[in-house]
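For reference, the structure discussed in these notes is given below.
The values are calculated or read from the model by the stated rules, or taken from the named source; none is laboratory data. Remember, it's a predicted structure, so these values are computed and weren't measured experimentally. Cβ coordinates were reconstructed from backbone atoms using ideal geometry, including for glycine residues, and neighbour counts include every protein chain displayed. Note: areas computed on protein heavy atoms with side chains; ligands, DNA, RNA excluded. Shrake-Rupley method; radii C 1.70, N 1.55, O 1.52, S 1.80 Å.
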Amino acid sequence: MRVAVIGMGRVGLVTAACLAHVGHDVIGVDDDAERVAGMERGELPLLEPALEPLVREGRRAARLAFSSDLKATIRDRAVAFICVGIGHQPNGAADLSAVERVTRRIASAGSRDLLVVEKNTVPANTGAWIERTLAMYATSGARDIEVASNPEFLRQGSAVCDTLHPDRIVVGVGSPRAAGRLRELYAPILEGHFACPFHPACAPAGAVPFVVTSIQSAEVIKVASSAFLAAKISFVNMVADLSERVGADIAQVAEGMGLDGRIGGAFLQAGLGFGGPCLPRDVQAFVRLAEEMGVDFGFLREAVKVNARRIEAAAEKLRKALLTLQGKRIGLLGMAFKPHTDEVRHAPALALAAHLLQDGADVVAYDPRAGAAARNVLPRLVVADDPYAVAEGADALVLATEWPDFLSLDWARLRRAMRRPVLLDGRNALDREKLVAEGFEYLGMGR
Ligand code: UGA
């Protein structure tokens, strides 16, 4: 199928590369001509495991091309995904101007028989708004343009695998014809044949549920799913605080809870809380939608507050262990909001670093990928280019992002380099017994 994907951010580029991988003829469109030229040369604008070989493969097979000319490329396409970013206005409301710009250009391209699909996370009711905009700006040649919503559920760091074998594909449509076209588009993925050949942790998922809903339901499924995951994390973090008080271990508690099929073991990892560009944004969007619709979703506002308190709780643990943070040297392992990405937007690690700096500590941090980005966000942070440098003369070490590399560090060497052996495992990812045996004063989050 001939497909256009508009907006070459993470969602757009991963969608384009994966659809090309499963056999479609895909053009990735972006206004940024430099970005397009870079991608033509094989330079990706973002870090995402397994994406680079997939893009290379698509280009070599001539199934994936890039362009900055939306109008020219869209005319002969059957499906156009809108994957442009959503900004925010000063009052927190979504800024849909990029979506509007793209929609107007699609409308004036004179397409016939085109399915326009919103894929990036957008406020509920955006589908209806796109429909109205298309109708308003359609040129006389334009015919049979329909709108659908097909929310993505991909996670940074495993976006390729999440796309090639998702838990489900949700399509919000206005007609059986639109549903049929999307079913045809996703057929290779729905049949579960396409494992990601470049990523060792990837395995074929088997048949994938294809969920057909109204456009509004699909939009709500997206934000409600993210909000539920965020609430799940906040719930387990509260249980972690309680476990700590009663002498239980949240790792054991979460394991025992998660084995109940109704609860599920995913997203029960207690620690510094959730961050990144997506979950915090989606929760806020859901709270906002509820407010606008007159639904009091106080429960979700509480989940956001619980999350914000994780940073203070971690700082308090260090304060207790060191008596004061003033003048103390604290080493931070990890700055990205999660492993396998260089993304630091709303990263709990950086929120903690800012808090510690504010309280007078010196903070030295290391991250395998996110050092440069972190430096831009928090210039007062000293960024080291080696994890052992972080421990040099430190009064405490904090594991803030659970990069797998950190689990196999030479902890005896880190311990020797430190002034005091305080270790805060902000992600409950380390082997407590082993570290205690190495002489660390181990602090967990709910253990
Ligand atoms: C999230 C959702 O998981 C995706 O389904 C969704 O498509 C995406 O947002 C989006 O809206 O675009 P992502 O933000 O990439 O994906 O990362 P997650 O794996 O969900 O992690 C988010 C945060 O929660 C991270 O800071 C992570 O450390 C934290 N987390 C996650 C926990 O603290 N505990 C857990 O058990 C799981």
Qualifying positions in segment 169-198 - modelled with pLDDT under 90 and open to solvent by 50 Å² or more (accessible area, probe 1.4 Å): GLU191, HIS193, PHE194, PRO197, PHE198
When the residues of segment 430-447 are filtered to those that are over 26 Å from GLN326 (Cβ atoms) and touching a residue at least 40 places away in the same chain (Cβ under 8 Å), which remaining residue is nearest to the ligand (Cβ to nearest atom)? GLY446
Residue hits (segment 210-230; buried (at least 22 other Cβ atoms within 10 Å of the Cβ), more than 16 Å from the chain's Cα centre (by Cα) and within 13 Å of the ligand (Cβ to nearest atom)) are GLU219
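Report the residue count in segment 142-154 for those that are within 13 Å of the ligand (Cβ to nearest atom) and either without any contact (Cβ under 8 Å) to a residue 40 or more places away in the chain or over 16 Å from GLU48 (Cβ atoms) (or both). Show your work before the answer.
Taking segment 142-154 as the starting set, the residues that turn out to be within 13 Å of the ligand (Cβ to nearest atom) are 150-154.
Filter again for either without any contact (Cβ under 8 Å) to a residue 40 or more places away in the chain or over 16 Å from GLU48 (Cβ atoms) (or both), leaving 150-151.
Residues in segment 142-154 being within 13 Å of the ligand (Cβ to nearest atom) and either without any contact (Cβ under 8 Å) to a residue 40 or more places away in the chain or over 16 Å from GLU48 (Cβ atoms) (or both): 2 in total.
Rundown of residues vs (1) part of a loop (DSSP other than H, G, I, E, B); (2) modelled with pLDDT of 90 or more, yes/no style:
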{"position": "GLY110", "(1), (2)": "yes, no"}
{"position": "ASP113", "(1), (2)": "no, yes"}
{"position": "ASN120", "(1), (2)": "yes, no"}
{"position": "ILE130", "(1), (2)": "no, yes"}
{"position": "LEU134", "(1), (2)": "no, yes"}
{"position": "GLY141", "(1), (2)": "yes, no"}
{"position": "ASP144", "(1), (2)": "no, no"}
{"position": "VAL147", "(1), (2)": "no, yes"}
{"position": "PHE153", "(1), (2)": "yes, yes"}
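Out of curiosity, is LEU114 open to solvent by less than 20 Å² (accessible area, probe 1.4 Å), in contact with a helix residue (DSSP H, G or I) (Cβ under 9 Å, 6 or more places away or on another chain) and either in the same structural domain as SER175 (by TED's automatic domain parsing) or not aromatic (Phe, Trp, Tyr) (or both)?
Numbers: open to solvent by less than 20 Å² (accessible area, probe 1.4 Å): yes; in contact with a helix residue (DSSP H, G or I) (Cβ under 9 Å, 6 or more places away or on another chain): yes; either in the same structural domain as SER175 (by TED's automatic domain parsing) or not aromatic (Phe, Trp, Tyr) (or both): yes.
Here the answer is yes, as LEU114 does meet what is asked.
In the set ALA201, ALA254, which member is part of a helix (DSSP H, G or I), more than 21 Å from ILE86 (Cβ to Cβ) and either within 11 Å of the ligand (Cβ to nearest atom) or modelled with pLDDT under 95 (or both)? Lay out the reasoning, then the answer.
Details: ALA201 fails: part of a helix (DSSP H, G or I).
Being part of a helix (DSSP H, G or I), more than 21 Å from ILE86 (Cβ to Cβ) and either within 11 Å of the ligand (Cβ to nearest atom) or modelled with pLDDT under 95 (or both) holds for just one of ALA201, ALA254, which is ALA254.
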Under 6 Å between Cβ atoms, at least 6 apart or on separate chains: pull out the pairs that start in segment 338-363 with a residue that is at positive phi and end on any residue that is more than 11 Å from the ligand (Cβ to nearest atom). HIS340/PRO49; GLY360/LEU325; GLY360/GLN326
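Let's see how each residue does on (1) of a type in the set (Val, Ile, Thr); (2) within 16 Å of the ligand (Cβ to nearest atom); (3) surrounded by 13 or more Cβ atoms within 10 Å (Cβ to Cβ):
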position: ALA240; (1), (2), (3): no, yes, yes
position: GLY247; (1), (2), (3): no, no, no
position: CYS278; (1), (2), (3): no, yes, yes
position: ARG281; (1), (2), (3): no, yes, yes
position: ALA285; (1), (2), (3): no, yes, yes
position: GLU292; (1), (2), (3): no, no, no
position: GLU302; (1), (2), (3): no, no, yes
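Do we have any residue at all in segment 369-380 that's basic (Lys, Arg) and either surrounded by 13 or more Cβ atoms within 10 Å (Cβ to Cβ) or touching a Cys at 6+ places or on another chain (Cβ under 7 Å) (or both)?
The answer is yes, given that some residue of segment 369-380 is basic (Lys, Arg) and either surrounded by 13 or more Cβ atoms within 10 Å (Cβ to Cβ) or touching a Cys at 6+ places or on another chain (Cβ under 7 Å) (or both).
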